[in-house]
Structure formats: structure tokens, C-alpha cells
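The values are calculated or read from the model by the stated rules, or taken from the named source; none is laboratory data. Source: prediction; values computed, not measured. Positions of Cβ are generated from backbone atoms using ideal geometry, with glycine treated the same way; all protein chains shown enter the neighbour counts.
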Amino acid sequence: MRLAVVFGGRSSEHGVSCLTAREVLAVIDRDRYDVVPVGITRDGAWVRETADWSDVPDGTLPEVRAGLPAYSWDELRDVDVVFPLLHGPWGEDGTIQGLLDLSGVRYVGAGVLASSVGMDKPFAKTVFAAGGIPQLPYVTILPWEWKRDRDRVVARVGALGLPVFVKPARAGSSSGVTMVEAWDELEAAVTAARALDPKVIVEAAALDKRELECAVIQQPDGRPIASVVGEITVDDAADHEFYDFEAKYLDGTSTNVIPADVDETLSERIRTLAVQAFEALGCEGLARVDFFHTSSAGGDGLVLNEINTMPGFTPFSMFPRLWESSGVPYAELVERLIQLALHRDAGLR
């Protein structure tokens, strides 16, 4: 079987995608698969990358190298399955999934619709609200609104109360995210988010929150199942207002606690909602579903934060570690996902 692993890409998560690819490529059975590593540079060039970044210093992320032999995306027609390890826009958002569907090529993960809706936080929230999944209040700022009707936007955001989190609507890994604790900080925060995406989302802050995560994969019969629940903590002594990009990937100040110290009732509630979110979005293969347990919410205090249709597989990533704690080792998890892709229909499903 010829397997193409695609990574890098044009989004702000380029380096995270490269880390993910390095780990996945290291465990694929080369006796079973003819593996073709395909890198996409930051400016969108497709190259034949090796994913050997042994010379990258600690505290920095690898990059797909320009100047390598070119790889034509049309060559993907000659592979049996693609593992698109791309995070963020121009990869995780349905773009490469559409290319592969047009080419009749099987691939790991969600299809076009689930990928694109999952990447767009406001649209995903609309779907989850229709499914009755609890969330915190939010405001979407469209590009034209910020330019032409800023006073109305500020009034809508003001109704959320302080603090708020300002985010690019279609980015991940906490890229471009700012916590706003005074209204005179709002404009700068929106400007920072708009540097990555002209569409912005502003969310009410989850006070006294715990960040709890659950991973979902499909069984061969298509039934999604949930992992144990994990918790992310950030060192109190670290200089981070929240679980930001540096805490996630660079400075080692975050810790994954698996399983999370939660009672059985809350654990089962999280696992049930994770599968519910997976099905509401129409996901396939895999997803990581993130929650807050917070005093800002009513009921049991549990709210959905977001879903990731192609979560990271880095040494720090929750998704593979959650499944490892659920009895599925890293290499077996990768193999399961590839087999799921190989045994599903190409095109409309």
C-alpha cells in the first residue's frame, strides 16, 4: 500500500504539523506501507520532504524546507491513502479533503463539511447549539462589521462582560488569542486576531475553569467511542495568562493529567458529550473535543470549548496520550486510523 503523509502548510500551525508528522512517520510500519512524506512550505510549495529535523534546537519548531525536489499534488492519484497531518486553514479546514475527494483518493479523518465547519468556530458553535450541547456566550465579528460598524460590535461584545477571549475564527493552537481584561485592550486584541483571520470570535471567559479533554475515534463499523478524560494544567509560576501557544509547545510549563481527577458522573458526561459533538458535526476517523468545567456556566458547570478534527500527534499532544491511557498505544492508534481510511468509500459517504 502506498501511503502519503502530508504536513506543514500555510497556516500559523505549520511547525506543529511538522512535529506531528515526525512522530507519525516514526511509527508507521514500513514493511506494510510504501511511505511518501510530502511537505507543504509556508508559501504553499509542495516538496518531497524527509521530516528529518534532528538539527532543530530545543524550544523551536521545525519547518518544511524550501528548495527540495517538487512534488505535484496530482501525484496523490497514485497513492492508496493519504494521512493529511495539516492543522489550521488550508489543510484542516476541508481544502485538502476536497482536493482528495475530487481525485477519488481515500484519506484519514473528517470529510469536507465536518472539516470546514469544525475549523470555523462560530459555525461549529451554531451546530453544537442546535444539538443542545452547552457553551459559553460569544460574539462573531465579521470583516465588514469591524470596518464599518465598530460601535455596534463593541456594544455587543460589551454585553459579554469582562474578561473575554478574542480569537481568530479559523485558527488553532491558541494562535492569535488574547485575553482582554479592560475594554481599552479590545481593539489591539481584535487587530492581533485579524492578522491571522479577518473573521474574529469573542468569547466570554470561563472563570475558575478546568480544561478537560476527550478523544474520539471510530470503530471499524463506524461507531464512535470516547477515551478516558484528561486535564491540562499550566504551572502557576509560569508567565502565562492562559494555555497559550508557548505553554502548549515550547516552554514545557503545561502538564497533561491523564486520567483527570474527576468523579465518574462528570467523566461519563464529558465522554457522552464528546461523542455527541463528533456525531453532530459529522466527523469521521478521529477528533479531540475540549471542555471547560467552570463556575461561569449553569447546571453541572460543563461547557464545550471546541473540537479539533485533526488533532496533534506531537510528544505533548493530548489525543495520542488519551488513547494510550485507554489501552491503545501510539503505533496501534496510527494504524487503526489508516485502516479506517482504507476501508471506507472514497467520495460521498
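Would you pick out the residues in the range 28-49 that are in a loop (DSSP other than H, G, I, E, B), surrounded by 11 or more Cβ atoms within 10 Å (Cβ to Cβ) and not charged (D, E, K, R)?
Step one: list which residues in the range 28-49 are in a loop (DSSP other than H, G, I, E, B), which gives 28-33, 41-45, 48-49.
Filter once more, keeping what is surrounded by 11 or more Cβ atoms within 10 Å (Cβ to Cβ): 28-29, 32-33, 41-42, 45, 48-49.
Correct list: ILE28, TYR33, THR41, ALA45.
Being within 17 Å of the chain's Cα centre (by Cα), at pLDDT 95 or above and surrounded by fewer than 16 Cβ atoms within 10 Å (Cβ to Cβ) narrows it down to one residue among LEU162, LEU142, LEU113; which is it?
Details: LEU162 fails: within 17 Å of the chain's Cα centre (by Cα); LEU142 fails: within 17 Å of the chain's Cα centre (by Cα).
Going through LEU162, LEU142, LEU113 in turn, the sole match is LEU113.
Condition check: in a strand (DSSP E or B), at pLDDT 95 or above and within 19 Å of the chain's Cα centre (by Cα). Does PHE319 satisfy that? Judged against the criteria, PHE319 is not a match.
When the range 101-118 is filtered for residues that are polar (S, T, N, Q) and free of Cβ contacts under 8 Å to residues at least 40 places away in the same chain, the ones remaining, listed by number, are SER103, SER116. Scanning the range 141-177 for residues that are closer than 17 Å to ILE307 by Cβ and either of a type in the set (A, V, I, L, M) or in the same structural domain as TRP90 (by TED's automatic domain parsing) (or both) returns ALA169, ALA171, VAL177.
Of all residue pairs spaced 6 or more apart or on separate chains, none has beta-carbon atoms under 6 Å together with a first member in the range 300-314 that is under 17 Å from TYR138 (Cβ atoms) and a second member that is of a type in the set (Phe, Trp, Tyr) and modelled with pLDDT under 95. When LEU61 is tested against (1) more than 20 Å from the chain's Cα centre (by Cα); (2) part of a loop (DSSP other than H, G, I, E, B); (3) at negative phi, only condition (1) is not met.
Assess whether ASP197 counts as being out of contact with any Lys or Arg (no Cβ under 8 Å at 6 or more places or on another chain) and acidic (Asp, Glu). Before the answer, list the steps.
Values: out of contact with any Lys or Arg (no Cβ under 8 Å at 6 or more places or on another chain): no; acidic (Asp, Glu): yes.
No, not satisfied.
Checked against (1) surrounded by fewer than 19 Cβ atoms within 10 Å (Cβ to Cβ); (2) within 20 Å of the chain's Cα centre (by Cα); (3) not polar (S, T, N, Q), PRO311 meets all criteria but (1).
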